[in-house]
Every structure is written in structure tokens, then in C-alpha cells.
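First comes the structure, then the notes that go with it.
The values are calculated or read from the model by the stated rules, or taken from the named source; none is laboratory data. Since the model is a prediction, treat every value here as computed from it, not as a measurement. Ideal geometry is used to build each Cβ from the backbone, glycine not excepted, and the neighbour counts take in all protein chains shown. Please note that ligands, DNA and RNA were not included when accessible areas were found on the heavy atoms of the full protein model with its side chains. Shrake-Rupley method; radii C 1.70, N 1.55, O 1.52, S 1.80 Å.
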Amino acid sequence: MDFASHMPEALDEARAAARRGEVPVGAVLVGADGTVLARAGNRTREMRDPTAHAEILAIRAACARLGSERLPGARLWVTLEPCPMCAAAISAARIALLYYGAEDPRMGGVRHGARVFDHPQCHHRPEIVDGISAEESRRLLQEFFRERR
């Protein structure tokens, strides 16, 4: 299978989230065969649900589509370093590979903060590739918050 970046699609989801007034984070979940299983952007305000992060919504949709609680071999593209909650869900879903854009030193749970995948009780650790379209992801977030101040 040829490598294809799905970060442009994740960035599209992040921009759509910003237009809805949500923090601009987007995610695309791709199956082991390269099929896009789900796309999502943050919807915490819209759904009045603190767990409605882009990663969680994409994982829920992909699991429903496949009729499984696990997504072995799947790859997740997300514009921002996942928070601890999302990192735990990524582990529970057995996602094989995580690509993310901007780092999140304040709320991240992968390379910062809780470092969920480094915890000895973590059952599954995905391979991680960070910094994909990091500048564009960071710019979206900065512009979003600058407009609200």
C-alpha cells in the first residue's frame, strides 16, 4: 500500500470545527487497508459533551461502521496532540499508528503531561509520528483563540 497523508483532510475538519465555533481540531481515521473509516472535528459545544473531541468521534464512528470495539491496523491523523482522554481511547481501540500535527504542552497526553502511552498500565502503544503540518495546525488554533480574546 502506498503512503498517503490524510492530514489535509484532518485540517479541513479542523477548519469546519472553527466555523462552528468549536476549538479547531480535526481527525481522520484510516483502516488497515487504506480506506477512510471516519472523519470528525471537535463538537463539544454543539453536543454539550466534554468527550466529543475529534479523535473520540472518529473512533466511535469507525467502530460503529466496522461493528467492533477495536481498530487493529488503523491509522489516526489528528491536527493536535491528543489529550489524555483521547490517548487512552486510542490505546483502547488498538490503533496502530498515530500521526499528529501541533504539540500541546498544556493539555497534551502523548509527549506532554500524562504521557499515556508511557504509563506501565497502558495496554497498547501506537507508533507515533508527530509534527505533520504542525505549523498550519498551530496557526489555526492561534487564530481561533486570538479572535475570541
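Listed values, structure above:
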| item | result |
| --- | --- |
| Average Cα contact separation per residue, the stretch 6-76, under 8 Å, 6 or more apart, as relative contact order % | 28 |
| Accessible solvent surface per residue of the chain, calculated while the other protein chains remain in place, 1.4 angstrom probe, Å² | 51 |
| The stretch 8-52: C-alpha gyration tensor shape, a/c 1.5 cut-off, then a/b vs b/c | oblate |
| Estimated distance in nm for a label pair at THR35 and VAL129, the labels positioned 7 Å out from Cα along Cα-to-Cβ | 2.2 |
| Cubic angstrom per residue, convex hull over Cα atoms of the chain | 102 |
| Kyte-Doolittle mean at least -1.0, axial Cα span of 15 Å or more - DSSP H helices of the chain | 7-19, 54-66 |
| Extension gain from GLU143 to GLU46, taking 0.36 nm per residue of separation minus the Cα-Cα distance | 32.9 nm |
| Label-point gap, in nm, between ALA114 and ARG70 - each point 7 angstrom along Cα→Cβ | 2.2 |
| For the stretch 42-86: relative contact order, % (alpha-carbon pairs under 8 angstrom, 6 or more apart) | 32 |
| Low-density loop cleavage sites - trypsin sites (Lys or Arg not before Pro) in the stretch 1-96, where at most 16 other Cβ are within 10 Å (DSSP) | ARG20, ARG48, ARG70, ARG94 |
| Two-decimal log10 I(q)/I(0) for the stretch 1-84, as the Debye equation yields it once each C-alpha is a single scatterer, q = 0.10, 0.11 Å⁻¹ | -0.22, -0.27 |
| DSSP bridge orientation in the chain - percent antiparallel, rounded to nearest 5 | 50 |
| HIS124 - accessible surface, heavy atoms, 1.4 Å probe, Å² rounded to 10 | 40 |
| The stretch 109-144 and the stretch 8-59: distance between their alpha carbon centers, rounded to Å | 15 |
| The stretch 1-120: relative contact order as a whole-number percent, Cα under 8 Å and 6+ apart | 20 |
| The chain - mean residue ellipticity at 222 nm from DSSP helices (-39,500 (n - 2.57) per run, n ≥ 4, rounded to 500) | -11000 deg cm²/dmol |
